[in-house]
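None of the figures in this text is laboratory data; all of them are computed from the coordinates on show. This structure is a prediction, so every number in the text was calculated from the model and none was measured. Here the Cβ positions follow ideal geometry from the backbone for every residue, glycine too, while neighbour counts run over all protein chains shown.
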């Protein structure tokens with residue numbers, strides 16, 4: 001290519017300014033931040049949260065950065081724990097072209113650096129946009145289908161690049177230094193689908209956040225690293241992790257087309273791959289006013305990929321498998337008509353009525369005509385009728401987006417009991433007007449559970 005891809009992306013991130021970000025991309029960046037924090041507020045309910053919190057606390061003893069709904073930890077500890085909190089309950093964003101969750105990697109190091117250095121909300125917004133765009137662009141060039149065929153899992157591979165871009169932008173790295181940060185980020189790229197079905201996939205994400213932070217900080221110290229990591233012939237990301245990738249896709253219309261706008265959000269705490277089915281299931285229940293007792297059989301049609309990933313849990317064991325299970329989600333949506341974290345507590349998913357229905361009355365079938373998260377749901381009723389609904393675009397997708405009001409509702413729902421109502425209002429207001437925030441420290445003071453607001457709100 002006329003200009004090396006790594007350097008082109010480095011120039012983009014290092015030189016990005018607020019005025020160069022279109023209004024729609026700015027607003028989606030704020031939506032992504034608001035949603036990420038909402039997910040993090042639910043994060044204490046994660047099954048492994050106490051383990052990750054203990055690990056994060058052990059990384060260092062300084063306390064310059066805040067944990068969302070927590071206390072202060074070191075820069076590294078806060079980045080790691082916040083990364084886990086965003087993804088802990090399987091409710092964060094997803095970039096569907098790469099099946100990669102972006103915010104758990106990008107948001108935590110950006111918040112940590114911006115708080116430590118008392119940077120402005122505008123600084124944070126620009127850094128987040130740089131990180132989101134870099135991660136998704138690296139992912140497009142990666143050629144996900146080819147990488148997936150080799151078993152690679154996106155968050156731990158492309159996430160460190162987005163984290164490095166966001167942290168590097170806040171640190172004021174120039175183009176050459178940013179390119180070296182990408183080289184250091186890429187040297188930490190790791191994570192495979194062997195971890196699928198276990199909480200280790202969440203480790204890929206929080207470790208991606210920490211990897212990007214370390215890459216930016218080390219590059220700031222002028223540590224020597226390759227500045228052509230993505231396309232290096234011997235061991236470059238695209239050659240080593242896929243079949244050479246599609247490097248031209250990484251930089252096509254860069255700065256004109258904003259790929260970050262393709263990052264989807266999730267309304268419900270279950271696997272991203274079944275959000276289309278869940279959308280269809282709710283539509284079916286509401287459209288036909290279905291009750292649990294009148295449904296004899298549910299058939300869920302999705303792509304082979306999704307059947308293989310989510311149709312394997314008619315009998316599930318524990319919360320994490322329930323979050324992945326098409327069978328359980330169909331049963332509990334039909335019975336409870338809602339899907340929140342309350343539906344993934346042991347007392348609920350172990351209810352014999354639900355476990356029997358999931359195992360005996362829900363079928364998952366492959367429909368070769370369905371792609372992505374498209375889904376068709378059919379229900380056989382006691383009166384002999386069969387009703388069906390098709391979902392083309394899941395709730396929260398770019399084609400069927402969550403409104404700001406819906407994101408705020410999600411924030412309030414999961415923030416209740418974690419933060420006082422007044423501070424929830426303050427946090428939403430601060431993120432809504434992020435570009436006007438004088439210091440990110442004021443936002444983190446609001447978000448830190450139990451902490452006194454030691455600084456005036458900006």
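Sequence gap at least 6, Cα distance under 8 Å: using those rules, report the relative contact order of the stretch 317-458 to the nearest whole percent. The value is 12 percent. Angle of helix 421-432 to the longest C-alpha principal axis of the chain, folded into 0 to 90 degrees and rounded to 10: 60°.
Calculated FRET efficiency, residue 387 and residue 304, Cβ-Cβ r, R0 25 Å, to nearest 0.05? Walk me through the numbers before you get to the answer.
Numbers: r = 25 Å, r/R0 = 0.99.
The pair residue 387/residue 304 has a calculated efficiency of 0.50.
When the label point is put 7 Å from the Cα of residue 176 along its Cα-to-beta-carbon vector, which residues of the stretch 211-235 have a backbone N closer than 16 Å? Of the residues in the stretch 211-235, 219-228 have backbone N under 16 Å from the label point off residue 176.
What does the C-alpha gyration tensor say about the overall shape of the stretch 295-391? Classify as rounded when a/c is under 1.5, otherwise prolate if a/b is larger than b/c, or oblate. Verdict is oblate for the stretch 295-391.
Extension gain, residue 292 to residue 192: 0.36 nm times the residue separation minus the Cα-Cα distance gives 32.1 nm. Relative to the longest principal axis of the C-alpha atoms of the chain, give the angle of the C-alpha long axis of helix 121-142, reported between 0 and 90° and rounded to the nearest 10°. Once rounded, one gets 70 degrees.
Residue order for 446, 158, fewest other beta carbons within 10 angstrom first, comes to 446, 158.
Given their separation in residues at 0.36 nm each and the Cα-Cα distance between them, residue 239 and residue 416 gain 59.0 nm when the chain is fully extended.
Over all directions, the projected convex hull of the C-alpha atoms in the stretch 357-458 averages 11.0 nm² in area.
I need the shape label for the stretch 5-264. Rule: rounded when a/c is under 1.5, else prolate if a/b > b/c, else oblate, with a, b, c from the alpha carbon gyration tensor. Before the final figure, lay out the partial values.
Numbers: a/c = 1.39, a/b = 1.20, b/c = 1.16.
Here the stretch 5-264 falls in the rounded category.
Net length available on complete extension from residue 336 to residue 220 is 36.6 nm, with 0.36 nm assigned per residue and the Cα-Cα distance removed. Axis of helix 275-288 versus longest Cα principal axis of the chain: the two differ by about 40°, to the nearest ten degrees. Dividing the mean sequence gap of close Cα pairs (under 8 Å, 6+ apart) by how many residues the chain holds gives a relative contact order of 20 percent. Among beta bridges from DSSP that stay inside the chain, the antiparallel ones total about 75%.
Averaged over residues, the count of other Cβ atoms within 10 Å places the peptides 106-113, 272-279 in the sequence 106-113, 272-279, highest first. Going by a ≥ b ≥ c, the root eigenvalues of the Cα gyration tensor, does the stretch 155-216 fall in the rounded group (a/c under 1.5), the prolate group (a/b larger than b/c) or the oblate group? Judged from the Cα gyration tensor, the stretch 155-216 comes out prolate (a/c at least 1.5, a/b above b/c). Relative protection proxy for 317-323, 78-84, from highest mean packing down: 78-84, 317-323 (other beta-carbon atoms within 10 angstrom). Ranked by the mean number of other Cβ atoms within 10 Å per residue, highest first, peptides 134-143, 416-425 order as 134-143, 416-425. The distance linking the stretch 216-275 with the stretch 98-139 is 13 Å (Cα centroid to Cα centroid, whole angstrom).
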